[in-house]
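Here is the structure we will look at, set down as structure tokens.
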Amino acid sequence: MADGTNVPVGGLAAASPKGRKTAMQKFAQRRSTTGFLLCLPLILLVACFVVYPAFYAIYLSMLNKKMTAFVGLGNFQFLLKRHTFQLVIFQSCLFAITAVVLKALLGFTLAHLMHNIPGKNQKIWRGLLLVPWVIPLALSTLTWWWMFDPSYSAFNWVLNQFGFANVPWLGVGWIARFCTIAVNVWYGTPFFMIMYLAALKSVPEQLYEASAIDGANAVQKLFFVTLPMMRNIISITVLFSLITTFADFDIVRILTAGGPQDMTHVFATYAFQVGIQSGDIPLGAADSLFMFPILAFAAFFVLRGVTKRTKEIAA
Amino acid sequence: MAEVSVRKVVKEYEGGVQAVKGIDLDIADHEFVVLVGPSGCGKSTTLRMIAGLEEITSGEIWIGGDVVNDVPPRDRDIAMVFQNYALYPHMSVFDNMAFGLKLRKFPKDEIKRRVDDAARILDIVPLLDRKPRALSGGQRQRVAMGRAIVRNPKVFLFDEPLSNLDAKLRVQMRTEIKKVHQAIPTTTVYVTHDQIEAMTLADRVVVMNGGVIEQVGTPQQLYHNPATRFVAGFIGSPAMNFLPCRVQDGANGGLAVRITDSIIVPIPPARADRYGAYKGKEMVLGIRPEHLFEHHDQGKPGWTRVDLPVDVVEPMGMETMVHFFVDGSPVCARIDPATHAAPGEMLPLTADLNQMHLMLPDTGRVV
């Protein structure tokens with residue numbers, strides 16, 4: 001029977017001249033072996049570009065600045081005591097969590113609006129709303145930087161037209177933080193929208209009809225039908241976005257380069273500053289590794305919830 | 001008070017396609033009415049308009065003495081059972097059944113009492129804590145019915161509830177539905193494409209075709225006195241045989257039906273008055289397979305012998321279906337399994353012409 005593990009691929013033609021197969025021949029003829037061999041190029045790529053750099057980063061993070069001596073967890077201890085790094089942890093969490101929450105809320109709202117726009121118009125709006133996501137991030141962030149520029153700011157020009165004073169968009173800590181989050185939300189919302197739109201389309205219409213007959217109004221349908229049915233997609237999307245937002249580099253680097261006074265640095269930009277610009281690669285590696293336990297913790301709980309719910313509701 | 005009235009109701013979709021073309025239907029309190037017809041006949045659309053899930057293009061729908069055209073589904077006091085059950089997959093059976101009551105802010109003990117009562121009627125008490133995915137098709141359908149029952153609504157609406165079940169379970173659930181209606185005689189509108197379901201469940205059957213109602217009547221009325229060729233062909237399994245024919249003079253001053261040169265059968269005297277006006281006209285003779293059976297030497301009035309060449313024999317155990325071709329038209333007879341029939345042989349049959357129908361070939365109206 002084809003159980004996926006022991007079906008010969010080559011059949012009789014692959015048998016040895018004597019008709020008895022060696023262990024190696026049997027191994028080579030297993031379907032699982034074929035599958036493994038087909039996956040091998042991808043496994044090698046992942047190993048070269050993900051596993052190796054990850055382990056190398058761990059190795060680097062345990063060396064001294066000149067990379068001549070093993071210092072164990074010294075770099076991590078040093079970073080944790082440093083005020084700037086404590087700020088980086090706070091800012092990374094603020095940046096990622098605020099941006100992801102806003103992207104999720106906006107994406108969900110837009111997806112709902114899209115879902116209720118009839119046929120052809122929906123495609124046009126969907127295309128237009130995807131534009132921020134398809135423009136290369138570095139380019140669009142440069143445009144945003146120009147719009148926030150103290151001398152040529154388009155936003156300040158609008159404010160001036162209404163009689164308001166200029167706002168130093170990227171020059172004051174909290175405003176600069178707001179700007180970096182706003183650009184990330186602008187860029188990332190279309191992804192949430194498209195994922196949620198796909199999820200909305202997959203909710204069976206009959207559940208809404210049944211709930212309408214059961215007595216649910218629009219808000220109750222949202223909370224008792226739509227959200228529970230979309231929980232898995234919401235969880236996966238939030239997790240994915242959390243990972244990419246935590247690791248965001250382009251927006252902060254281009255808009256503020258971590259300033260003013262390190263008040264917008266996130267893990268990636270701070271790692272770049274410490275590791276590349278200041279030449280302390282081990283410290284930069286240690287900095288970037290701080291993301292791992294935070295994201296692993298989030299991923300564990302999100303994926304556990306997804307698996308549990310999938311088992312519960314899968315028909 | 002839970003009469004349902006559908007008055008001159010039209011449903012037109014974008015592009016001018018009319019799914020329902022001005023139908024009128026009155027359903028009495030406690031009545032079990034089945035809408036039956038082929039796919040696309042407008043039966044489900046009609047049901048969904050009664051439920052409030054489809055807007056009405058024109059006409060009026062009354063439930064319990066009120067016009068409900070602009071009343072949302074939740075305020076119509078109806079309950080509906082869907083073809084795909086439409087159970088909330090993230091809720092337990094109990095929560096599925098209690099959902100409507102919770103939304104209506106019933107007290108917790110009242111909700112529990114009602115759900116327990118419904119679960120007992122439907123024999124699903126042990127399933128109350130399970131999620132829908134852990135249930136079989138039949139159990140899911142029971143839960144869907146339970147969700148409808150607990151609300152104690154004015155009207156039950158069923159949209160092809162048994163279509164997703166296998167044949168055996170369908171028969172079982174059909175009986176369950178009938179039992180539930182006997183226990184809780186709520187006004188019920190039931191949609192199906194299965195004429196056996198319609199015949200076995202309904203107080204009255206509504207046969208729909210092409211967006212209009214062809215005939216409304218009790219199952220017996222539809223079976224014995226179809227109004228149109230469509231109803232005659234739709235009700236009954238196997239379907240009625242239709243043979244082009246001509247009404248002409250028969251022996252002893254009576255009338256006869258000429259099917260072919262060699263097959264001319266006398267019309268029973270009791271029907272002569274009805275068919276006299278059609279003498280000399282091309283008509284269609286309709287006769288059900290069960291009224292075409294093995295030949296008996298001692299016949300009854302209205303019985304006549306016809307000999308036909310056997311094409312296919314289908315033994316069914318308790319009966320045998322024999323298929324013939326008469327002048328290019330397929331004919332089926334239902335004969336005793338003990339009767340010998342073999343392909344290629346001539347089989348003597350008795351046609352019970354007391355049960356015959358004559359139809360106009362152009363309109364299909366039964367005369």
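Per-residue answers, yes or no, for (1) assigned to a loop (DSSP other than H, G, I, E, B); (2) among the β-branched types (Val, Ile, Thr); (3) more than 14 Å from chain B (Cβ to nearest Cβ):
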{"residue": "A:Val183", "(1), (2), (3)": "no, yes, yes"}
{"residue": "A:Tyr187", "(1), (2), (3)": "no, no, yes"}
{"residue": "A:Phe192", "(1), (2), (3)": "no, no, yes"}
{"residue": "A:Glu209", "(1), (2), (3)": "no, no, no"}
{"residue": "A:Gln220", "(1), (2), (3)": "no, no, no"}
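Give the residue that is surrounded by the fewest Cβ atoms within 10 Å (Cβ to Cβ), with candidates limited to residues of the stretch A:228-261 that are within 14 Å of chain B (Cβ to nearest Cβ) and either of a type in the set (A, V, I, L, M, F, W, C) or within 8 Å of the chain's Cα centre (by Cα) (or both).
To start, the set of residues in the stretch A:228-261 that are within 14 Å of chain B (Cβ to nearest Cβ) comprises A:228-235.
From what is left, the residues that are either of a type in the set (A, V, I, L, M, F, W, C) or within 8 Å of the chain's Cα centre (by Cα) (or both) are A:229-230, A:233-234.
Details: A:Met229: 21, A:Met230: 21, A:Ile233: 17, A:Ile234: 20.
The extreme case among them is A:Ile233.
This table checks each residue for (1) surrounded by 13 or more Cβ atoms within 10 Å (Cβ to Cβ); (2) among the small types (Gly, Ala, Ser).
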residue	(1), (2)
B:Val265	yes, no
B:Ala272	yes, yes
B:Met283	yes, no
B:His295	yes, no
B:Lys300	no, no
B:Val312	yes, no
B:Met318	no, no
B:Ala333	yes, yes
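Quick one: count up the residues across the stretch B:57-82 that are part of a loop (DSSP other than H, G, I, E, B) and touching a residue at least 24 places away in the same chain (Cβ under 8 Å). Don't jump to the end; show me each part of the working.
Taking the stretch B:57-82 as the starting set, the residues that turn out to be part of a loop (DSSP other than H, G, I, E, B) are B:57, B:64-65, B:68-72, B:76-77, B:82.
Subset that is touching a residue at least 24 places away in the same chain (Cβ under 8 Å): B:57, B:64-65, B:76-77, B:82.
Total satisfying the criteria: 6.
Out of the stretch B:57-74, which residues are within 14 Å of chain A (Cβ to nearest Cβ) and either under 19 Å from B:Ile23 (Cβ atoms) or touching a strand residue (DSSP E or B) at 6+ places or on another chain (Cβ under 7 Å) (or both)? Break it down stepwise before answering.
From the stretch B:57-74, those within 14 Å of chain A (Cβ to nearest Cβ) are B:63, B:68, B:71-74; that's our starting set.
Within the stretch B:57-74, B:Ile63, B:Val68 qualify.
Is it true that B:Met97 is more than 8 Å from chain A (Cβ to nearest Cβ), touching a residue at least 40 places away in the same chain (Cβ under 8 Å), under 30 Å from the mean Cα position of the chain (by Cα) and within 12 Å of B:Arg151 (Cα to Cα)? Let's see the steps before the verdict.
Values: more than 8 Å from chain A (Cβ to nearest Cβ): yes; touching a residue at least 40 places away in the same chain (Cβ under 8 Å): yes; under 30 Å from the mean Cα position of the chain (by Cα): yes; within 12 Å of B:Arg151 (Cα to Cα): yes.
So B:Met97 fits the description; yes.
Modelled with pLDDT of 90 or more and more than 20 Å from A:Thr256 (Cβ to Cβ): which single residue out of A:Leu129, A:Leu105, A:Leu139, A:Leu94 fits that description? Step through it out loud before you land on a result.
Working: A:Leu129 fails: modelled with pLDDT of 90 or more; A:Leu139 fails: more than 20 Å from A:Thr256 (Cβ to Cβ); A:Leu94 fails: more than 20 Å from A:Thr256 (Cβ to Cβ).
Matching residue, one of A:Leu129, A:Leu105, A:Leu139, A:Leu94: A:Leu105.
Does B:Leu47 satisfy the criteria of being free of Cβ contacts under 8 Å to residues at least 40 places away in the same chain and within 13 Å of chain A (Cβ to nearest Cβ)?
Details: free of Cβ contacts under 8 Å to residues at least 40 places away in the same chain: no; within 13 Å of chain A (Cβ to nearest Cβ): yes.
Against the criterion (free of Cβ contacts under 8 Å to residues at least 40 places away in the same chain and within 13 Å of chain A (Cβ to nearest Cβ)), B:Leu47 does not qualify.
Being surrounded by fewer than 16 Cβ atoms within 10 Å (Cβ to Cβ), closer than 16 Å to A:Ile254 by Cβ, within 24 Å of the chain's Cα centre (by Cα) and more than 14 Å from every other protein chain (Cβ to nearest Cβ) is the requirement here; does A:Ala198 meet it?
Working: surrounded by fewer than 16 Cβ atoms within 10 Å (Cβ to Cβ): yes; closer than 16 Å to A:Ile254 by Cβ: no; within 24 Å of the chain's Cα centre (by Cα): yes; more than 14 Å from every other protein chain (Cβ to nearest Cβ): yes.
Answer is no for this residue.
Could you figure out which of (1) in contact with a strand residue (DSSP E or B) (Cβ under 9 Å, 6 or more places away or on another chain); (2) away from every other protein chain (no Cβ under 14 Å); (3) within 30 Å of B:His90 (Cβ to Cβ) isn't true of B:Val206?
It is condition (3) that B:Val206 fails.
Helices (runs of 4 or more DSSP H) wholly in the stretch A:24-111 with at least 2 residues that are among the aromatic types (Phe, Trp, Tyr) and more than 23 Å from the chain's Cα centre (by Cα) - which ones? Give the steps one after another, and end with the answer.
Working: elements: A:31-46, A:52-60, A:74-81.
Ranges flagged: A:74-81.
Output yes when any residue across the stretch B:125-134 is in a loop (DSSP other than H, G, I, E, B), within 14 Å of another protein chain (Cβ to nearest Cβ), out of contact with any Gly (no Cβ under 8 Å at 6 or more places or on another chain) and of a type in the set (Gly, Ala, Ser), and no when none is. Give the derivation first.
Taking the stretch B:125-134 and keeping what is in a loop (DSSP other than H, G, I, E, B), we get B:128-131.
Right, trim to within 14 Å of another protein chain (Cβ to nearest Cβ) and you get B:129-131.
Among the residues that remain, those that are also out of contact with any Gly (no Cβ under 8 Å at 6 or more places or on another chain) are: B:129-131.
Keeping just the survivors that are of a type in the set (Gly, Ala, Ser) gives none.
Checked the stretch B:125-134: no residue is in a loop (DSSP other than H, G, I, E, B), within 14 Å of another protein chain (Cβ to nearest Cβ), out of contact with any Gly (no Cβ under 8 Å at 6 or more places or on another chain) and of a type in the set (Gly, Ala, Ser).
Determine which member of the set A:Gln220, A:Gln261 is modelled with pLDDT under 90 and not charged (D, E, K, R).
So the residue among A:Gln220, A:Gln261 that is modelled with pLDDT under 90 and not charged (D, E, K, R) is A:Gln261.
Would you mention how many residues in the stretch A:148-176 are surrounded by fewer than 19 Cβ atoms within 10 Å (Cβ to Cβ) and part of a helix (DSSP H, G or I)?
Looking only at the stretch A:148-176, we keep the residues that are surrounded by fewer than 19 Cβ atoms within 10 Å (Cβ to Cβ), and these are A:149-152, A:154-155, A:157-168, A:171-175.
With part of a helix (DSSP H, G or I) added as a condition, the list becomes A:154-155, A:157-161, A:173-175.
Looking only at that region, the number is 10.
Conditions: (1) away from chain B (no Cβ under 14 Å); (2) out of contact with any Leu (no Cβ under 9 Å at 6 or more places or on another chain); (3) over 17 Å from A:Phe249 (Cα atoms); (4) in a helix (DSSP H, G or I). A:Gly279 meets all but one. Number of the miss?
Condition not satisfied by A:Gly279: (4).
Right, B:Glu54: more than 13 Å from chain A (Cβ to nearest Cβ), out of contact with any Cys (no Cβ under 6 Å at 6 or more places or on another chain) and in contact (Cβ under 8 Å) with a residue 12 or more places away in the chain or not? If you could, list the steps in order and put the result at the bottom.
On the way: more than 13 Å from chain A (Cβ to nearest Cβ): no; out of contact with any Cys (no Cβ under 6 Å at 6 or more places or on another chain): yes; in contact (Cβ under 8 Å) with a residue 12 or more places away in the chain: yes.
Taking the combined requirement at face value, the residue does not satisfy it.
The values are calculated or read from the model by the stated rules, or taken from the named source; none is laboratory data. Everything numeric in this text was worked out from a predicted model, so none of it was measured. Using ideal geometry, Cβ is built from the backbone for each residue, glycine included, and neighbour counts are taken over all protein chains shown.
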